[in-house]
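Participant: My questions all concern the structure below.
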Amino acid sequence: MNALIARTWIALISATSHWTQAGRTRLGNLLGDVLWWLVVPRRRVTLANLEACFPQMPESERRRIARRCFRNIARSALDHSVLWKADRARLEAYVRIDGIEHAVSPGNRPLIIVAPHFVGLDAGGVRLSTSVQGITVYSRQKNPVWDDWLYRIRGRFGVILVARQGADMRRVIRTVKEGAPLYYLPDMDLGETNSVFVPFFGVPAATIPMVSRIARMVGARVVMGVTEMTDDGYVLHFEPPWAGYPGASVEEDTARMNRELERWVLRMPDQYLWTHKRFKTRPPGTTSIY
């Protein structure tokens, strides 16, 4: 994506900020269908991920989930117009929070919020920042225009943003220890370095064990914070802190994290970001699924 295309996308998205949700959804469905046919590499990645995770599922059902995933990704991109332009009151009505007490309770400090890569990830993160000031680690986008726009959206209400590339994790850990919740995205394949292989739907997945390590360092509680796309907006769901966490080992903790994520994927499979190469890094001696 070059700068001109990025600016065109931003202009298109921003223009929909005052549309009805039904209008953005219809356009998102159309764009998702176009992307499904045009962006062949991501379509193949999505289908390969679904086949690896759900080998017993009929192929027709996996393709249905994959196409819905493309539509949901496109709609969530358009919905960034609301995240960008809505005032606090409108945003808080658009993205509701279920279980906010688990995120704001002084008894749940230090706190790590496990926020997996569902399509509503940014909606939940921006909405949370209107209720509690926290810190998050994000990945810079390759296109600087797009990256700058997303950065400004995510930081509208004061969240501390730390780029994953070259991140000062000592600063992150210190900030969490001082009481700021960490909104952490742990389910990306970032390579073998500093990762452990733990199952994700039975497939060995290179997973960063940072949630377990930080929890051990600062005595943090860990809660799931999953954002669900709904017909009229989004809901950020918080669950109670995990009992018995951390456990016996970092590897065991990281495997548990993936099991907790699996519950939510089964609940809304077409909202998970299957377009990412979750199994790009493979254990020695195994072949690529892509």
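The values are calculated or read from the model by the stated rules, or taken from the named source; none is laboratory data. Predicted model, so just to flag it, every value in this text is computed and none were measured. Cβ: placed from backbone, ideal geometry, glycine included. Neighbour counts: every protein chain shown.
Participant: Which residue out of Arg96, Arg109, Arg75 is outside any helix (DSSP H, G or I) and within 19 Å of the chain's Cα centre (by Cα)? Walk me through how you get there before you give the answer.
Facilitator: Working: Arg109 fails: within 19 Å of the chain's Cα centre (by Cα); Arg75 fails: outside any helix (DSSP H, G or I).
After ruling out the rest, the residue left standing is Arg96.
Participant: Among the residues of segment 236-258 satisfying the criterion of being in a helix (DSSP H, G or I) and touching a residue at least 40 places away in the same chain (Cβ under 8 Å), which is nearest to Ile65 (Cα to Cα)? Steps first, please.
Facilitator: Pass one, segment 236-258, residues in a helix (DSSP H, G or I): 250-258.
Keeping just the survivors that are touching a residue at least 40 places away in the same chain (Cβ under 8 Å) gives 250-251, 253-255, 257-258.
On the way: Val250: 33, Glu251: 30, Asp253: 29, Thr254: 26, Ala255: 25, Met257: 23, Asn258: 20 Å.
So, considering only residues that are in a helix (DSSP H, G or I) and touching a residue at least 40 places away in the same chain (Cβ under 8 Å), the one nearest to Ile65 (Cα to Cα) is Asn258.
Participant: Okay, moving on. Out of segment 1-58, which residues are in contact with a Lys or Arg (Cβ under 9 Å, 6 or more places away or on another chain), small (Gly, Ala, Ser) and without any contact (Cβ under 8 Å) to a residue 60 or more places away in the chain?
Facilitator: Gly28, Gly32
Participant: Please go through segment 163-191 and give me each residue that is surrounded by 17 or more Cβ atoms within 10 Å (Cβ to Cβ) and closer than 22 Å to Leu261 by Cβ, ordered by number. Lay out the reasoning, then the answer.
Facilitator: Within segment 163-191, the first condition is being surrounded by 17 or more Cβ atoms within 10 Å (Cβ to Cβ), and the residues that meet it are 172-173, 175-176, 180-189.
Within segment 163-191, Val172, Val176, Pro181, Leu182, Tyr183, Tyr184, Leu185, Pro186, Asp187, Met188, Asp189 meet the criteria.
Participant: Can you pull out the residues in segment 136-158 that are in contact with a Lys or Arg (Cβ under 7 Å, 6 or more places away or on another chain), within 21 Å of Val172 (Cβ to Cβ) and β-branched (Val, Ile, Thr)?
Facilitator: Selection gives Val137 alone.
Participant: Of the conditions (1) surrounded by fewer than 18 Cβ atoms within 10 Å (Cβ to Cβ); (2) over 13 Å from Ser76 (Cα atoms), Cys53 satisfies every one except a single condition; which number is it?
Facilitator: Going through (1) surrounded by fewer than 18 Cβ atoms within 10 Å (Cβ to Cβ); (2) over 13 Å from Ser76 (Cα atoms) one by one, Cys53 breaks only (1).
Participant: Return only the number of the condition from (1) in contact with a strand residue (DSSP E or B) (Cβ under 6 Å, 6 or more places away or on another chain); (2) part of a helix (DSSP H, G or I); (3) modelled with pLDDT under 95 that Val265 does not satisfy.
Facilitator: (3)
Participant: Give the residues of segment 10-31 that are closer than 24 Å to Asp148 by Cα, crowded, with 18+ Cβ neighbours inside 10 Å and not aliphatic (A, V, I, L, M), sorted by residue number.
Facilitator: Thr16, Arg24, Gly28, listed by residue number.
Participant: Here is a further query. Pairs only if they're at least six apart or on different chains, beta carbon under 6 angstrom, first in segment 89-101 and in contact (Cβ under 8 Å) with a residue 24 or more places away in the chain and of a type in the set (D, E, K, R), second surrounded by 12 or more Cβ atoms within 10 Å (Cβ to Cβ) and assigned to a strand (DSSP E or B); list them, first residue then second.
Facilitator: Going by the 6 Å Cβ cut-off, the qualifying pairs are Arg96/Val235; Asp98/Val235; Asp98/His237.
Participant: Criterion first (loosely packed, with under 15 Cβ neighbours inside 10 Å and out of contact with any helix residue (DSSP H, G or I) (no Cβ under 9 Å at 6 or more places or on another chain)) does Pro283 satisfy it?
Facilitator: Numbers: loosely packed, with under 15 Cβ neighbours inside 10 Å: yes; out of contact with any helix residue (DSSP H, G or I) (no Cβ under 9 Å at 6 or more places or on another chain): yes.
Answer is yes for this residue.
Participant: When Asn194 is evaluated against the numbered criteria (1) within 22 Å of Gly99 (Cα to Cα); (2) exposed (fewer than 14 other Cβ atoms within 10 Å of the Cβ); (3) modelled with pLDDT under 95; (4) not hydroxyl-bearing (Ser, Thr, Tyr), which criterion, by number, is the only one it fails?
Facilitator: (1)
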